[in-house]
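**Student:** My questions all concern the structure below.
The values are calculated or read from the model by the stated rules, or taken from the named source; none is laboratory data. Keep in mind it's a predicted model, so treat the numbers as computed, not measured. FYI the Cβ positions are ideal-geometry reconstructions off the backbone, even for glycines, and counts take in every protein chain you see. Note: accessible area is taken over every heavy atom of the protein model, side chains too, but ligands, DNA and RNA are not part of it. Shrake-Rupley method; radii C 1.70, N 1.55, O 1.52, S 1.80 Å.
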Amino acid sequence: MSTVGEPLELRPDEVHVWIVEPERIHEQKLLDAYWALLDSGEREKKQRFRFERHQKQYLVSHALVRVTLSRYAPVAPTAWSFSTNAYGRPEIRGEWGARLRFNLSHTDGMALVAVGLDAELGADVEDSQRPGDTVEIADSFFAASEVAALRALPVAEQRSRFFEYWTLKESYIKARGAGLSLPLDQFAFHLARGQEPRISFDARMADTPETWRFMQWCPSERHHAAVALRSARANPFRVRWQFTVPLASDAPPRFEAA
């Protein structure tokens, strides 16, 4: 179980996304190794979760962050240190924090961490089979153009489209580092088959659509995922993703394209 090897190359115009399915990891040796990677604050937070499955999701996803970051820098997984901004977004402390960016997301059945260079980055994954309202949430919180586009679809397609919008919106607000302090109805996504998602802003948002790039895909039949990247570069960016089990293999990555 090697933890630090030759750093992987990460181009400025690409984002790497590493995906794990915590519920599929049962080997106690691995789970113990993940626990050993966490710092005292992370261990305390893990223990606060009431249900065992949520404790496991936290454990595996935060081990994933540490192991993944060590793929790109000569830093041991236990040596990473993090701080949070005013809205709770984790950021790397120290010399690598100014260059290496990451964003973690997890839901039932899946966790992912996106890694990029020198750019604001956000990622989200959602379980489309989760119980609860979907379109009704859009009616209350989404931009009017998104609600109209959603309601114009056949009923059978509305739930999937809701999660497309939701993951994109989450990826954007996470990249901004401001969470739900940003009103969800003051920016809108425009989706067209075969094209990258586009974003537009209410004047109150004071943001520039041309600086943002988005990618979305379905890493499983039940999961929707999206990545947001703010970059001054006008050329396309690539999202490459791979399933992994942290610490279980030293095999070179074989990324899929989103």
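**Student:** For region 219-239, give me the residue count where each residue is touching a Lys or Arg at 6+ places or on another chain (Cβ under 9 Å) and surrounded by fewer than 16 Cβ atoms within 10 Å (Cβ to Cβ).
**Tutor:** Count: 3.
**Student:** Considering TRP241, TRP217, TRP166, which residue is of a type in the set (Phe, Trp, Tyr), over 30 Å from LEU8 (Cα atoms) and under 15 Å from the mean Cα position of the chain (by Cα)?
**Tutor:** Residue meeting the stated conditions: TRP166.
**Student:** Now for a separate question. Only residues that are of a type outside the set (Lys, Arg) and either modelled with pLDDT of 95 or more or in a loop (DSSP other than H, G, I, E, B) (or both): list them for region 230-239, please.
**Tutor:** Hits for region 230-239 are SER231, ALA232, ALA234, ASN235, PRO236, PHE237.
**Student:** Given the criterion crowded, with 17+ Cβ neighbours inside 10 Å and in a strand (DSSP E or B), identify the matching residue among GLN242, GLN216.
**Tutor:** Criteria check complete, one pass: GLN216.
**Student:** Check region 95-113 and report whether any residue there is under 16 Å from PRO197 (Cα atoms), of a type outside the set (Val, Ile, Thr) and surrounded by 15 or more Cβ atoms within 10 Å (Cβ to Cβ).
**Tutor:** No - not one qualifying residue is present in region 95-113.
**Student:** Sticking with this structure for a sec: When the residues of region 45-79 are filtered to those that are of a type in the set (A, V, I, L, M, F, W, C) and in contact with a helix residue (DSSP H, G or I) (Cβ under 6 Å, 6 or more places away or on another chain), which remaining residue is most open to solvent (accessible area, probe 1.4 Å)?
**Tutor:** PHE49
**Student:** Can you confirm whether region 146-164 contains a residue that is under 21 Å from ASN85 (Cβ atoms) and among the aliphatic types (A, V, I, L, M)?
**Tutor:** No, region 146-164 contains no residue that is under 21 Å from ASN85 (Cβ atoms) and among the aliphatic types (A, V, I, L, M).
**Student:** If you take just the helices (runs of 4 or more DSSP H) that sit entirely in region 1-103, which of them hold at least 2 residues that are in contact (Cβ under 8 Å) with a residue 60 or more places away in the chain, out of contact with any Lys or Arg (no Cβ under 8 Å at 6 or more places or on another chain) and closer than 23 Å to VAL125 by Cβ?
**Tutor:** 28-37, 52-69
**Student:** Test each condition in (1) out of contact with any helix residue (DSSP H, G or I) (no Cβ under 9 Å at 6 or more places or on another chain); (2) under 30 Å from PRO12 (Cα atoms); (3) surrounded by fewer than 16 Cβ atoms within 10 Å (Cβ to Cβ) for GLY88 and report the one that comes out false.
**Tutor:** (1) is the only condition that GLY88 fails.
**Student:** Which residues, counting only those in region 175-218, are among the polar types (S, T, N, Q) and under 21 Å from GLU126 (Cα atoms)?
**Tutor:** SER181, GLN216
**Student:** So, one more: Name the residue, out of LEU31, LEU10, that is at pLDDT 95 or above and surrounded by 11 or more Cβ atoms within 10 Å (Cβ to Cβ).
**Tutor:** LEU31
**Student:** Another one. Check off (1) out of contact with any helix residue (DSSP H, G or I) (no Cβ under 7 Å at 6 or more places or on another chain); (2) touching a residue at least 12 places away in the same chain (Cβ under 8 Å) for GLN158 and give me the number that stays unchecked.
**Tutor:** (1)
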